[in-house]
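See below for the structure under consideration.
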Amino acid sequence: MTLHLVSDKPSVIGVLDLQGGVHEHLEHLEQLGVSYKRVKHPSDFADLAGLIIPGGESSCLSRLLNIFEIKNVILEAHRKGMKIWGTCAGAILLAREVVGETPCLDLIDIKIERNGFGSQLDSFVSEALIPAVSAQPVPLTFIRAPKITDAGREVNILLRIDDYIAAAESENILVTVFHPELTGCLALHRYFAIKCGLKPAANSHNCIDPLWKSSSWTKHAGIA
Amino acid sequence: MDAKRYELNVQLAQMLKGGVIMDVTNVEQATIAEEAGAVAVMALERVPADIRKDGGVARMSDPAMIAAIKKSVTIPVMAKARIGHFVEAQILEALRIDYIDESEVLTPADEECHIDKTKFSIPFVCGARNLGEALRRIAEGAAMIRTKGEAGTGNVVEAVRHMRTMNREIRQLAQMPIEEVTGFAKNNGIPYELALKIKELGRLPVVNFAAGGIATPADAALMMQLGCDGVFVGSGIFKAADPAPRARAIVKATAYFNDPQKVLEASMGLGEAMPGLEISQIPPDQILAKRGW
């Protein structure tokens, strides 16, 4: 006998655990007080409220998504209502158009250019107000970041800097070319959790987690 | 390097976690590595197996060759400087690559001092055989650590030894009463503040990859299960009979290191691995891991 509970809405956010900044997102979700899990096998994606595709190398991630047939699993879960947030490499995977390359998931109408700033010596931090996300300035970390150079009409631009777009969203997709998971800021994670229909802990309103340290990710990446 | 720049450099390595960094000697190999899913390439003129065979002094590669590789890929590019050769490092920083490996694979330029990495904006990765060596490099400004293993041998035994040694020492430190930390730090040549940090975190504060002898998908998965954050494959790919499928297979096995079925699939039909070297057959003065301290 199968029980169908009316209130059984998906309540877990998955973090794609193939390569990249996985532990950093897990740590932020934990601080936010929402349920989370690592996902890497097709069966892991059933009943996720949301999926975070972390930063890493997009060429590596897209290859792994294709060869292990996870790409179609993600597309199917998305059709059933799973929201997706891509940070940095994740944003590249979600884009409709990637300059000079074949797009991967093609789920948001943006044009993105890999490695838009240069080498690691051009990586930088700054901060900006993102009114839709937080009343306080949000710290921004760009690491060999891509640039979103164009967005379709149904895409809502959350942050524009100089000649590029740094954060944008559609109804089901959120993209940021910077890394909130590499700062003490929980605002973007909170914003995504709410987009997924979840209720983050009441005390997560402050943009910056005062207890966060740059080594906080290590508690999710212990030695064997 | 100010604190913020150092943090950014540690964070780039964090983005490489779970990935494979491959040695490449030309544009064609770099393209094969990128297409196979490498998270970065190490650009060098000769892979360690050839450096070992050729003998003589091994120096930084021709910057023109590194520049050509940098131009041909979008993933991060690393290159090696000799231990202590801070001018080779200055040249590589001027070339604006993404990471410098201060490497024992090249002939050391200084037997007393490693490079003062705090003077640079570019990040450094350094080799280590144990916790003390790793933390001395971090104290000098390294933003990423790798096991030394024994490069160019296709023999994973030294990488395993170094990873197990580091983990054992981290566990000891984590469980030790605080009054024993001073002595442990002294005996292992560890800066006291860093010893306290390891005790608090229960692991290295930066990303730690395995390197030196990884030749098969199983080797990569073994190192991942032993607790490293990713792997370097030097001679193991382009000294094998069929490099492209082997490169792809090692990427798969690294991502799914704890899934024997996936590692099995990755291990099928790859052709001959690189020829291996028994460590005890190597003359003692040709053991690369002993370079640096």
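Any idea which residue in the range B:102-125 is farthest from B:Thr153 (Cα to Cα), counting only those that are within 14 Å of chain A (Cβ to nearest Cβ) and touching a Lys or Arg at 6+ places or on another chain (Cβ under 7 Å)?
So, considering only residues that are within 14 Å of chain A (Cβ to nearest Cβ) and touching a Lys or Arg at 6+ places or on another chain (Cβ under 7 Å), the one farthest from B:Thr153 (Cα to Cα) is B:Ser121.
Looking at the range B:168-179, is at least one residue buried (at least 23 other Cβ atoms within 10 Å of the Cβ), of a type in the set (A, V, I, L, M) and closer than 24 Å to B:Ala220 by Cα?
no
Picking from A:Thr149, A:Thr141, which residue would you name as being of a type outside the set (Lys, Arg), at pLDDT 95 or above and buried (at least 22 other Cβ atoms within 10 Å of the Cβ)?
Answer to the selection: A:Thr141.
So which helices (runs of 4 or more DSSP H) are wholly in the range B:39-146 and hold at least 1 residues that are closer than 28 Å to A:Pro54 by Cα, modelled with pLDDT of 95 or more and under 17 Å from the mean Cα position of the chain (by Cα)?
B:131-139
Name the strands (runs of 3 or more DSSP E) wholly within the range A:155-202 that hold at least 2 residues that are under 14 Å from the mean Cα position of the chain (by Cα), under 20 Å from A:Leu107 (Cα atoms) and not acidic (Asp, Glu)?
In the range A:155-202, A:164-169, A:173-176 are the strands (runs of 3 or more DSSP E) which contain 2 or more residues that are under 14 Å from the mean Cα position of the chain (by Cα), under 20 Å from A:Leu107 (Cα atoms) and not acidic (Asp, Glu).
Taking the condition of a type in the set (D, E, K, R), closer than 25 Å to A:Arg144 by Cβ, touching a strand residue (DSSP E or B) at 6+ places or on another chain (Cβ under 9 Å) and surrounded by fewer than 23 Cβ atoms within 10 Å (Cβ to Cβ), does A:Glu97 pass?
yes
Collect the residues in the range B:258-268 that are surrounded by fewer than 23 Cβ atoms within 10 Å (Cβ to Cβ) and either within 11 Å of chain A (Cβ to nearest Cβ) or touching a residue at least 12 places away in the same chain (Cβ under 8 Å) (or both), keeping them in residue-number order.
Scanning the range B:258-268 gives B:Asn258, B:Asp259, B:Gln261, B:Lys262, B:Glu265, B:Ser267.
Given the conditions (1) part of a loop (DSSP other than H, G, I, E, B); (2) more than 19 Å from the chain's Cα centre (by Cα), which single one is not true for B:Glu35?
Exception for B:Glu35: condition (1).
Pairs only if they're at least six apart or on different chains, beta carbon under 6 angstrom, first in the range A:163-175 and under 24 Å from A:Glu76 (Cα atoms), second of a type in the set (Phe, Trp, Tyr) and modelled with pLDDT of 95 or more; list them, first residue then second.
A:Leu174/A:Trp85; A:Leu174/A:Phe192
Considering only residues that are in a loop (DSSP other than H, G, I, E, B), of a type in the set (A, V, I, L, M, F, W, C) and under 17 Å from the mean Cα position of the chain (by Cα), look in the range B:221-257 and name the one that is nearest to the other protein chains (Cβ to nearest Cβ).
B:Leu226
For the range A:105-149, which positions are farther than 13 Å from A:Tyr164 by Cα and small (Gly, Ala, Ser)?
Passing the criteria: A:Gly118, A:Ser119, A:Ser123, A:Ser126, A:Ala128, A:Ala132, A:Ser134, A:Ala135.
Looking at B:Ala49, B:Ala36, which one is at the interface with chain A (Cβ under 8 Å from one of its Cβ atoms) and aliphatic (A, V, I, L, M)?
None of the others qualify; the one that does is B:Ala36.
Please verify whether the range A:139-147 includes one or more residues that are farther than 23 Å from A:Tyr36 by Cβ, aliphatic (A, V, I, L, M) and free of Cβ contacts under 8 Å to residues at least 24 places away in the same chain.
no
Would you check which residues across the range B:128-182 are under 14 Å from B:Ile198 (Cα atoms) and touching a Ser or Thr at 6+ places or on another chain (Cβ under 7 Å) and list them?
Scanning the range B:128-182 gives a single hit, B:Asn130.
Check A:Val177 against each of (1) within 14 Å of chain B (Cβ to nearest Cβ); (2) in contact with a Ser or Thr (Cβ under 6 Å, 6 or more places away or on another chain) and name the one condition it does not meet.
All conditions are met except number (2).
Can you name every residue in the range A:9-22 that is within 14 Å of chain B (Cβ to nearest Cβ) and surrounded by fewer than 24 Cβ atoms within 10 Å (Cβ to Cβ)?
Of everything in the range A:9-22, just one residue is within 14 Å of chain B (Cβ to nearest Cβ) and surrounded by fewer than 24 Cβ atoms within 10 Å (Cβ to Cβ), namely A:Asp17.
Take the range A:120-157 and flag every residue that is within 20 Å of A:Ile173 (Cα to Cα), within 14 Å of another protein chain (Cβ to nearest Cβ) and of a type outside the set (A, V, I, L, M, F, W, C).
The answer is A:Pro146, A:Lys147.
For residues that are more than 8 Å from chain A (Cβ to nearest Cβ) and of a type in the set (A, V, I, L, M, F, W, C), scanning just the range B:2-19, find the one that is farthest from the chain's Cα centre (by Cα).
B:Ala3
For B:Gln29, state whether it is in a helix (DSSP H, G or I), within 14 Å of B:Val233 (Cα to Cα) and more than 15 Å from the chain's Cα centre (by Cα).
yes
Looking only at residues in the range A:39-65 that are more than 10 Å from chain B (Cβ to nearest Cβ) and in contact with a Cys (Cβ under 8 Å, 6 or more places away or on another chain), which one is nearest to A:Leu93 (Cα to Cα)?
A:Leu65
Somewhere in the range B:67-84, is a residue of a type in the set (Gly, Ala, Ser) and crowded, with 24+ Cβ neighbours inside 10 Å?
yes
The values are calculated or read from the model by the stated rules, or taken from the named source; none is laboratory data. Model, not experiment: these values are computed from the prediction. Neighbour counts are summed over all protein chains in view; Cβ atoms, including those assigned to glycine, are modelled from backbone coordinates with ideal geometry.
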